[in-house]
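Report on the structure given below.
Values quoted throughout were computed directly from the atomic coordinates according to the rules given, and no laboratory measurement underlies them. The structure displayed is predicted, hence computed values, not measured ones. FYI the Cβ positions are ideal-geometry reconstructions off the backbone, even for glycines, and counts take in every protein chain you see.
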Amino acid sequence: MKAALTCILTFVALCCYHTVWAQQGSLFEKKYIPSFSEGTVKKYLRDIERKTGVTVSYSSSYVDVHRAIILSAIQFSLSEALQKIFEGQPVLLKESGDKILVIANGDYKKKEERITVNGYVKDSASKEVLIGAGLFVPGIGTVAVTNSYGYYSFTLPAVNCSVLCSYVGYKTDTFSIHGKADARHDVQLSMRNMLTEVKVVSEKESSPDHSHLVYNDIKSRPAVLGENDVMRALQHIAGVQSGTDGTNAVMVRGGDPGQNLNLLDGVPLYYIDHFFGLTSVYNSEAIKSVDFHKGAFPARFGGRLSSVIDVNTKDGDMQRWGGQFSMGLVKSSLNLEGPIVKDKASIMLSARRTWLDVFWRPFTKALSLNFYDVNGKANYILNKNNRLYLSIYNGRDGLGLNANSEGTSGKWGNTVASIKWNTIVNPRLFLNTIVTYSLFRYTIEDFRQVIDQEGVSNTEFYKGNSTIKDLAVNLQASWYATSSQRFSIGTHLATATFTPTELITTNAYNLAGKTIVPADKFQSNEFIFFAENEVKINSRWIIRPGLHFANWFSERFNYSSIQPRFYTSYKLAPSHSIYASYGQMAQFLHLISNNTYGLPTDFWLPSSDRIEPEESSLVTLGYTGKPVKNMWYNIEGYYKDIKNTTTYNMGKNLFDNSLKWDEKIIQGTGWSYGAEVSLKQKIKTLTFSAAYTLSWTWRKYAQLNGGAAFPYRFDRRHNIKATLQYQPNDKFDVAASWTFMSGEAITLPDQIYPDFDNNLLITPSNGTTSANYTYNYVKWNNYRLPAIHRLDIGLNFNKKKRKHYERTWSLGIFNAYGRKNIMYVDLQNDPIDGGNEFRLKGMSILRFIPYITYRLRF
């Protein structure tokens, strides 16, 4: 019944704009009272749009906009007012959708026809496509925004007009349309210098439904150990918070890191951390753009509850070979790109690796810590309507601890690949086909020397594995019906093989390589269908209804999910809008954290006949405005409800296969609500931005806290990020960023019982103490850590050397005033004067951390 109701509501939303059109009537019948008695044609047309919401589209090639007009301050119909305004001018008036067209007389029949203009927007130097470039027609407004492959298409009446194309950091370009037939225009934009680039904000970047970031947004902020990172840049967005201070974890609106859909060139990633979360697998030097969705989810996305992080890497320069080399305190990297066949095919290769382990290896073998990753991308233009892409990524982390004949080591990472085929079927239909492969593997090994009762030394060896392999095919089509309507439809087929946990042991009493309990492996399949219709009802009102259907099935289970999506935006004034969204999401994979080994061990467990899919409903309402030039602000409220949120049953080891892995999981409910405020102000060479989040987040499990609701670990009431950037010229810039977060919730025992005579049969865990203790927990997350705050400062010194060479020194300090921010706490038994005293000890590591990085572009 519920599924049928959601289908009906979605169908009504998809069709509602037809009802709106039927109810509007003729634009010429609208009433208008002039605000003044004397003015020019242009001034009166602006007044009409302000008072009636009707746009009058014209061309100054045949309209004298400076002609003086006198109108009485009485009520007119728009038909009467426009006839007086254009009296004596050789024009005709025609209603077209939500606009009135002013057409040159004598050519009326021709103007009734419509033409479609399409093409790509590219960088003029590298010929790389630009994502999110806006195309604007004076008198009509924005008619198109380029998609993830730089493609645009729009349909207009067959009139002569000019089209402006703009993109953040690039000079605006203009081309002309002659209303004769459909036309193809591939636009090439030239970059501005660095100083001007800071002053430009693209229309897509300030869109309320999502955030669009480019490389300069990522590198412009201070970083930990000089590592500019996508995830850290996202932490400066309202509604987003970090996990432990200093890490790059992203928690969005009460969710956890496993509820973010992380995409790299369209391929899902299952693990995104390097170096204990100090940096992510996204190499910023290989990135072209990032689209971040925390609400108003487009129908094409699914599989996670909280956010979508869609990262696109560079295609490769089509004109010349070049790249970038960088070296910092943690890692070194090299990026190369250039043409294989000029203007036809190109390639991009990027690699990075830690070098600290190479430095300390001659001094100690007790610790090994390293990571590496490699990005590659090639693209080939078959013809003007077809293009192929090949993307690959491979990354690994390694950790080893060896001391006193005992040791632990772990390796984990992703391997992904994708092949994409873009084709322009016709000027209005764009088709994208993607084949993807993803492999995630985690391995942990543990060994120790044990002496048996006969004095014989044996080596006990344990090895745990967790893997996911998936192969998928995606087909997406976009139909640009008119300049005010775009319809998207697509499907997704995937098959995945899971080995959630597998344990292998070897010792003197077991055969080598014997698996104690075989892992419960299985294969699952997924089918997705989505449809979405983006409609500009008029110059003020946009709606985007959509539907996402997902089916997750295998021999043992079959789950289906119908997820309606809806977004709407209404312009109250040219620079002020109100917007709202509603969306349902479902997640069939669950990220479980297990700290048994003290390592970053994350396990992905699939839904099964025991574990149900997680589901969420999100409602948002917001207001965005631009009251003055170079100032933008946004206010948004949200409420999110989560079903079947997943965690592991306390005391269960996920690598212990004596139980099935899905019997170690418990599920409950959760909810989150709050308000978010964002502000950005530019004054000449200064840029100030701030984001504030006020939020509440709760969890409830029948097995925990007596079944009562409790605050989520990262239920931080207040979260503030403020950044000030100063760039007087293209040779120097400085940025300071201040962060404040309420302390996270932690669980501490209310009572501690001594067991002096070992009646409780507690196995001693510390040979230095004479007594053991048991702990009594009354409530979950009943205490709060102190609030976190810090100041980060970064400076960049740039110098150009010859035509294609540029050197940059980056220096900075993380936590400049040395705040002792607690990363974790430990309850310790410290004997004092012969007694036993328990103390809560907090650990603070990242205090006053300087960094220096060298970059060379060539």
When a/c is below 1.5 the answer is rounded, else prolate if a/b is larger than b/c, else oblate, so apply that to region 111-193 with a ≥ b ≥ c taken from the square roots of the Cα gyration tensor eigenvalues. prolate
In 10 Å bins starting at zero, report the fraction of Cα pairs in region 210-311 per bin as a rounded %. 16, 54, 28, 2
Using only the Cα atoms of region 33-103, build the gyration tensor, take square roots of its eigenvalues as a ≥ b ≥ c, and label the shape rounded, prolate or oblate: rounded if a/c is under 1.5, else prolate if a/b is larger than b/c, else oblate. oblate
Multiply the residue separation of Glu663 and Thr52 by 0.36 nm, subtract the distance between their alpha-carbon atoms, and state the gained length in nm to one decimal. 213.7 nm
Under a crude label model (7 Å from the Cα following the beta-carbon direction), how far is Ala68 from Tyr380 in nanometres? 6.8
For a label point 7 Å along the Cα-to-beta-carbon line of Ser60, residues of region 160-176 with backbone N under 18 Å: 160-165, 172-176
I'd like to compare 129-137, 631-639: which one has the highest average count of other Cβ atoms within 10 Å, and what's the full order after that? 129-137, 631-639
Qualifying lysines (Cα of each under 21 Å from Cα of Lys684; at least 8 residues distant if same chain): Lys171, Lys199, Lys219, Lys626, Lys629, Lys731
Zone reached by a paramagnetic label modelled 7 Å from Arg184 Cα along Cα→Cβ, restricted to region 350-379 with backbone N below 16 Å, covers none
Holding the Cα-Cα limit at 18 Å, pick out from Lys127/Lys180; Lys411/Lys521; Lys288/Lys384; Lys680/Lys800; Lys314/Lys342; Lys30/Lys536 the pairs that are longer than that. Lys127/Lys180; Lys411/Lys521; Lys288/Lys384; Lys680/Lys800; Lys30/Lys536
Within the under-9-Å Cβ sphere about Ala494, not counting Ala494, Lys/Arg +1 and Asp/Glu -1 give a net charge of -2
Taking the Cα centroid of region 294-356 and of region 531-561, what is the distance between the two, rounded to the nearest whole Å? 29
19 Å cut-off, amide nitrogen to a point 7 angstrom out along Val341 Cα→Cβ, residues in region 356-393: 377-391
I'd like the distance separating the alpha-carbon centroids of region 410-436 and region 794-814, in whole Å. 35
Relative packing of 347-353, 429-435, which averages over residues the other C-beta atoms within 10 Å, highest first: 347-353, 429-435
